[in-house]
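Novice: Sharing a structure, written as structure tokens. Questions coming.
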Amino acid sequence: MGVEASTKAPHEAIDATSGVGIVDSVQHGTHRGLKPRHGQMIAFGGAVGTGLFVSTGAVLAMGGPAFILVCYLWMAFMMYLVITSLVEIATLLPAQGVSVSYYGTQMVSKSLGFALGYLYIYSLGILVPYEITAGALIIEYWGSPVPTAVWITIFIFAIVGLNLLPVSMYGESEFWFSFIKLVTMIGLIILTIVLFFGGGPEADGVLGFHYWKDPGATTTWIVNGPIGYLVAFTGVMVYSAFPFTFSPELVIYASGEMANPRKDLPVAAKRYILRLFFFYVGTVLAIGIICPYNASDLTNGGAGAKSSPFVVGIQKAGIRGLGSVINAVILMSAWSAGNAFLYMASRGLYSMAVAGQAPAVFKRCNKQGNPYVAVCTIGLFGPLAYMNVGTDSSTVFNWFISMINTTGFISWVCVSIIYLRFRKAWNAQGRPPLPYKRNVQPWGAWVTGIFFTALTLLNGFNVFLKGQWSTATFITTYIGLPAFIVLYLAHKFVACRNDPWAYPVGEINLQSPDEALTEYDTGVDEESASKNIWGRFAAKLK
């Protein structure tokens, strides 16, 4: 059977246990319309939304600047391990309509792919109204007389409409969105350096690490004393994951529509890694310098950028008018992130349909390669944003969001399992040449698997502290885990009763299903590199 897998036609992804093709041919499939610069800038900032610009304020208040800096450094390293494992698989086995659940089906079992696929569809679908709500509330910064529900409606049509356009137009819009976010983060870091050395209209000497001394570098949370610091650090570690959620997966979803994933994916991965360590870590270092953790605006429920630690810090420095500029960028970031989450969710649904694990109607594409049925279906999540207009319904909506961290942790645990199965199959089948390989693997997959398993169990740990019990919080925080297990076991015992729990490693297909991609060349497309600064920069990273 292992020999059969290695000789199977390159366009056909096989079921490792039966040899039956699990990926059907589609007359009008998705197109490889993303140019190298699209994929690279999507990797840089596609999923950067309000999580980084706004919710970091609440995390800063929870534990202080030292804890958030350490936790972001560690989380960035974990994301580096996740992205290297995913790109190693995806460059060897690129495919149209690819997703992490697709590789779960290929490397482990149909049941894992099924459960993971629907986990993604739900989680990414819920993040769409989350970003829509954030965008609508951010507009209140300017005191808009227009009702919030009107702005929500505009955002829904804007996000769904953009995703119904050809993928090249989605890529172009995300290129410029990411570029603006990139420039803004660079500008904010430069502003922080200026303020650090005593710049600013109300500066009274060098600011330095003043706020690390007063009110302090760390603080307690919920309880006092040494245990309080441990609780704060654990809470910061858990909640620091939210801005990273599903961002490595976005690179893989986009690879299904990259012009040449074997060339473009390694460059996109390098850009992603740069973003992690320079922009994410640089951002939290910056907010810890210009904003004290005990600033009341961080936790008093201010609208939009009023709760952003950058805006709080800018106001403390006496800089007028810049808050509106930052607010506009945060508004655009909410739109961009909503686009990215709808894109991933629709491609995930399309991928499930192509694999025969969702109704065939969802794999319908128009002549421009857009899976319009999947896009419109995921767009139905958008109206959930209206729940935030009412106080009671907004509480219910927040319950939906509470599940996201758990599903993100489960996703990364599954990525580790998928990669380890891939690596065993690669070893068992003679180690065919890998277009992309990093020495941090396979031990990196073991580290991420163990770490995110622990975070899955710790996600709602605070409800077990004295006086903190909340049945609603407990259920919404942990329900993602039993839901995933139920999906997995139900599929295993109903649809795949006779299949093994995991395919024998010698029978896993390590041949690309895409006939057009036969070269194992990697690196930067020279023609693209000569035409834009990002290409030349990526070439220097090789």
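The values are calculated or read from the model by the stated rules, or taken from the named source; none is laboratory data. Every value quoted in this text rests on a predicted model; they were computed, and no experiment measured them. Note: ideal-geometry Cβ built from the backbone for every residue, glycine included; neighbour counts use all protein chains shown. Just the protein is used for accessible areas: all its heavy atoms, side chains included, with ligands, DNA and RNA removed. Shrake-Rupley method; radii C 1.70, N 1.55, O 1.52, S 1.80 Å.
This table checks each residue for (1) β-branched (Val, Ile, Thr); (2) out of contact with any Ser or Thr (no Cβ under 8 Å at 6 or more places or on another chain); (3) modelled with pLDDT of 80 or more.
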{"site": "Ile121", "(1), (2), (3)": "yes, yes, yes"}
{"site": "Asn163", "(1), (2), (3)": "no, no, yes"}
{"site": "Val167", "(1), (2), (3)": "yes, no, no"}
{"site": "Ile189", "(1), (2), (3)": "yes, no, yes"}
{"site": "Pro201", "(1), (2), (3)": "no, yes, no"}
{"site": "Gly205", "(1), (2), (3)": "no, yes, no"}
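Novice: Here is a check on your reading of the model: is Phe484 among the aromatic types (Phe, Trp, Tyr), more than 30 Å from Glu88 (Cα to Cα) and in contact (Cβ under 8 Å) with a residue 12 or more places away in the chain?
Specialist: no
Novice: Which residues, taken from the range 68-93, are out of contact with any Ser or Thr (no Cβ under 6 Å at 6 or more places or on another chain) and not hydrophobic (A, V, I, L, M, F, W, C)?
Specialist: Of everything in the range 68-93, those that are out of contact with any Ser or Thr (no Cβ under 6 Å at 6 or more places or on another chain) and not hydrophobic (A, V, I, L, M, F, W, C) turn out to be Tyr80, Thr84, Ser85, Glu88, Thr91.
Novice: Moving to a separate point now. Would you mind finding the one in Val150, Val146, Val194, Val183 that is open to solvent by 40 Å² or more (accessible area, probe 1.4 Å) and part of a loop (DSSP other than H, G, I, E, B)?
Specialist: Just a single option satisfies the conditions, and that option is Val146.
Novice: Give just the number: which of (1) in a helix (DSSP H, G or I); (2) modelled with pLDDT under 85 does Gly318 not satisfy?
Specialist: (1)
Novice: While we're here: Residue check: is Asn532 in contact with a strand residue (DSSP E or B) (Cβ under 8 Å, 6 or more places away or on another chain) and modelled with pLDDT under 90?
Specialist: no
Novice: State whether one or more residues within the range 490-499 are touching a Gly at 6+ places or on another chain (Cβ under 6 Å), in a helix (DSSP H, G or I) and at pLDDT 90 or above.
Specialist: The answer is no, given that none of the residues of the range 490-499 is touching a Gly at 6+ places or on another chain (Cβ under 6 Å), in a helix (DSSP H, G or I) and at pLDDT 90 or above.
Quick grid of which residues meet (1) under 14 Å from Phe422 (Cα atoms); (2) of a type in the set (Phe, Trp, Tyr); (3) under 16 Å from the mean Cα position of the chain (by Cα):
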{"position": "Pro65", "(1), (2), (3)": "no, no, no"}
{"position": "Ile68", "(1), (2), (3)": "no, no, no"}
{"position": "Met75", "(1), (2), (3)": "no, no, yes"}
{"position": "Leu81", "(1), (2), (3)": "no, no, yes"}
{"position": "Ser85", "(1), (2), (3)": "yes, no, yes"}
{"position": "Val108", "(1), (2), (3)": "yes, no, no"}
{"position": "Phe114", "(1), (2), (3)": "no, yes, no"}
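Novice: Here is a follow-up. Mind telling me which of the residues Val183, Val194 ends up being without any contact (Cβ under 8 Å) to a residue 12 or more places away in the chain and under 14 Å from Ala317 (Cβ atoms)?
Specialist: Within the list Val183, Val194, the selection yields Val194.
Novice: Which residues, taken from the range 452-474, are open to solvent by 40 Å² or more (accessible area, probe 1.4 Å) and assigned to a helix (DSSP H, G or I)?
Specialist: Result: Thr453, Ala454, Leu457, Leu458, Phe464, Thr471, Thr473, Phe474.
Novice: Do you know which residues across the range 417-439 are more than 19 Å from Gly104 (Cα to Cα) and either open to solvent by 70 Å² or more (accessible area, probe 1.4 Å) or modelled with pLDDT of 90 or more (or both)?
Specialist: Of everything in the range 417-439, those that are more than 19 Å from Gly104 (Cα to Cα) and either open to solvent by 70 Å² or more (accessible area, probe 1.4 Å) or modelled with pLDDT of 90 or more (or both) turn out to be Arg431, Pro433, Lys437, Arg438, Asn439.
Novice: Take residues that are closer than 30 Å to Tyr229 by Cα and modelled with pLDDT under 80 and tell me which of the helices (runs of 4 or more DSSP H) falling wholly in the range 1-114 contain 1 or more.
Specialist: Where helices (runs of 4 or more DSSP H) fall fully within the range 1-114 and carry at least 1 residues being closer than 30 Å to Tyr229 by Cα and modelled with pLDDT under 80, they are 50-53.
Novice: Would you confirm, using the coordinates I've provided, whether Gly205 is closer than 30 Å to Leu195 by Cα and small (Gly, Ala, Ser)?
Specialist: yes
Novice: Could I ask something else about it? Residue by residue through the range 354-407, note down the ones that are part of a loop (DSSP other than H, G, I, E, B) and either at positive phi or at pLDDT below 75 (or both). Quick ask: steps written out before the conclusion?
Specialist: As a first pass, look at the range 354-407 and keep what is part of a loop (DSSP other than H, G, I, E, B): 355-359, 364-371, 380-381, 390.
Within the range 354-407, Gly356, Gly369, Gly390 meet the criteria.
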